[in-house]
Amino acid sequence: MNSLYKQFVTAALTTLFISTLIGFLIVNTYYTDVTKHNTDEQLVEIAYHVVDFLENTPLSTEAVFEYLDSVALLGYQIHLDNFEGDTYVFGEPFNSSHPLSDSAKEIVQGGEVYHGVRHLKNGMFSHFDNELRNTVGVPYHKGETAYGLYIRASNDTVTTDFHKLLIVFLLIIAVVNVLGMLLLARHMTKSISYLTEATKQIAVENYNYHLHISRKDEIGQLASSFHLMQIKLRHNDLARKTFISNVSHDYQSPLMSIQGYAQLLKSPVIDDSERMEYAAIIEKETQRLSNLTNQLLVVTSLDQESYPMTYTDLQLDLQIKEVIRKYWWRIEEANIDVSYILPSTTIYGDKKLLENIWDNLLTNAVKYNKPGGLIDVSIVPLGKSVEVIFRDTGIGVEEEDLPYIFDKFYRVDPSRPKEGTGLGLSIVKQIVDLHQGTVEVESTPGVGTKFKVRLPLSRSIKS
Ligand code: ADP
């Protein structure tokens, strides 16, 4: 695998190489076009100074040599040629690999200037070539004798301490840059490796894997988004497991009792009244399973990210009256009195879902009521919203249980002999939320309970 780290290092080194190459080419062009010409001119000027002095000052040959020695000590290499085979060198000797060409001698012998520095084509480092051809030459006459005086600045003069410091400086920059790049690459890829490991752990459902990334850059943001996702997945996983365990338990107990009573029914020794009693229990448990399945269907469909709501204008008062009518037989059976004040109210909402709210609130008010108890249903218009109140005189809910009654599968006392799934009020809450409404509960144990559902309206209220 071509790892990110390798790509990073390759990119860093390639960048360094390319920048060096470009720098080298630019400097070389500048050197050939400008520096060489300037150096050549300066050397010609110096050579003429020396020759002027020597030609205008009557000096013995020894004194001339001494003078040229002194000039050489100032940082030059001088070559003196009398064109008859005699040559003299002052200062550091020249490399003998490239002797002075005949043309170079002829130019000077003819009284012209030899521009060896300017014309030498030997790449960038020709500046440092310690050769005779890398000099400038001027004619010099001592008495009747003609000489050629060739001069160049010695490499010690060309390479000053400043140049050496500059090279060290550039090398340090290059090394530190490369090391910095390597460290940065390691730092970046390390975080990405952590993230990769974390995703692998998520894939095997380990939602507790701790991500060791605390950075403030984009990778840090990615890590914190990942952490949020991890928390959400952990939460969902827990919710899923709890849901499955609750559902299995809620299915298991009616199934067990159906199985038990069905076995009893097979017994030849039971009488008719017992048979009827067992059949009634089986029927009740089957009904419970059917209710549970229906409510689970509603819960799972409401749980979906975007429930497809079907909004219509509907008559809220008529809808509630219809629900009361539907359960009339049950209300009468439980010997409960129902009163209502339901002014005509048009609301914009999902008809089926809203019906579910009133269905659950009314059946609870019946279920948790006392024989001879009361149920009062009312619609209170509040301008842009409406409040629907279900009040009963039932057994009520203890204060410590109130915060949980809207949770899925929460039943105040599961051992109470009332049938139920613990899903009804969670469905109510979900539907109210989907309609951007609120639901509140007030209850006094032994006295009764009041549910207040507030929903926004989109049409006017007629009374
Ligand atoms: P269930 O299927 O058990 O009725 P719900 O979600 O509808 O589930 O209600 C949750 C719990 O809240 C019930 O178990 C019950 O104890 C309590 N509860 C709901 N409505 C009433 C009420 N009107 N009076 C008293 N207790 C209630």
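Read-outs throughout are calculated quantities, based only on the coordinates presented, and are distinct from any laboratory measurement. For clarity, every value in this text was computed on a predicted model and none was experimentally measured. With ideal geometry, Cβ positions are generated from the backbone for all residues, glycine too; neighbour counts draw on all protein chains shown.
Altogether, the Stokes-Einstein calculation at 37 °C and 0.692 mPa s, with the Kirkwood radius of the stretch 32-136 over Cα pairs as Rh, returns a diffusion coefficient of 225 µm²/s. Take the alpha carbon gyration tensor of the stretch 238-287, find the square roots of its eigenvalues, order them as a ≥ b ≥ c, and report rounded if a/c is under 1.5; if not, report prolate when a/b exceeds b/c, else oblate. Prolate, since a/c reaches 1.5 and a/b exceeds b/c.
Among the listed pairs Lys352/Lys408; Lys241/Lys450; Lys241/Lys384; Lys232/Lys429, which are separated by more than 31 Å between their Cα atoms? In this structure, Lys241/Lys450; Lys241/Lys384 lie more than 31 Å apart at Cα.
With each label modelled as a point 7 angstrom along the Cα→C-beta vector, the Lys321-Thr438 pair spans 3.0 nm. Straight-distance candidates among the aspartates and glutamates for linking to Lys284, with alpha-carbon spacing under 12 Å and chain neighbours fewer than 8 residues away dropped: Glu419.
Both radii were evaluated on the Cα set of the stretch 168-286; the Rg over Rh quotient, with Rh as the Kirkwood radius, amounts to 1.56. In order along the stretch 286-301, the Karplus-derived 3J(HN,Hα) couplings, from 6.51 cos²θ - 1.76 cosθ + 1.60 at θ = phi - 60°, round to 5, 4, 4, 5, 5, 4, 4, 4, 4, 5, 4, 4, 5, 4, 5, 5 Hz, and Gly and Pro are given as x.
With the convex hull of the Cα atoms taken as the outline of the stretch 147-212, the averaged projected area works out to 7.3 nm².
Per-residue ellipticity at 222 nm, computed for the chain from helices alone with -39500 (n - 2.57) per DSSP H run of at least four residues, works out to -18000 deg cm²/dmol.
Considering the stretch 97-256, its Cα convex hull presents a mean projected area of 18.4 nm². Net charge in the neighbourhood of Leu120 (other residues with Cβ under 12 Å of its Cβ; Lys, Arg +1, Asp, Glu -1) is +2.
Net charge around Phe53, counting only other residues with Cβ within less than 15 Å of its Cβ (Lys, Arg = +1; Asp, Glu = -1)? Computed value for this residue: -4. Note on Leu4 and Ile244: the model spin-label points, each 7 Å out from Cα along the C-beta direction, lie 3.3 nm apart. Put simply, the convex hull of the Cα atoms in the chain casts, on average, a shadow of 44.1 nm². Using a Cα-Cα cut-off of under 29 Å, which lysines could be cross-linked to Lys105, ignoring same-chain neighbours fewer than 8 residues away? Correct list for Lys105: Lys36, Lys121, Lys142. Divide the volume of the convex hull around the Cα atoms of the stretch 268-334 by the residue count and you get 126 Å³ per residue. Largest first, the extents of the alpha carbon coordinates of the stretch 295-401 on the three principal axes equal 41, 32, 30 Å.
Counting only residues at least eight positions apart within a chain, or on another chain, the aspartates and glutamates with an alpha carbon under 18 Å from that of Lys190 are Asp217, Glu218.
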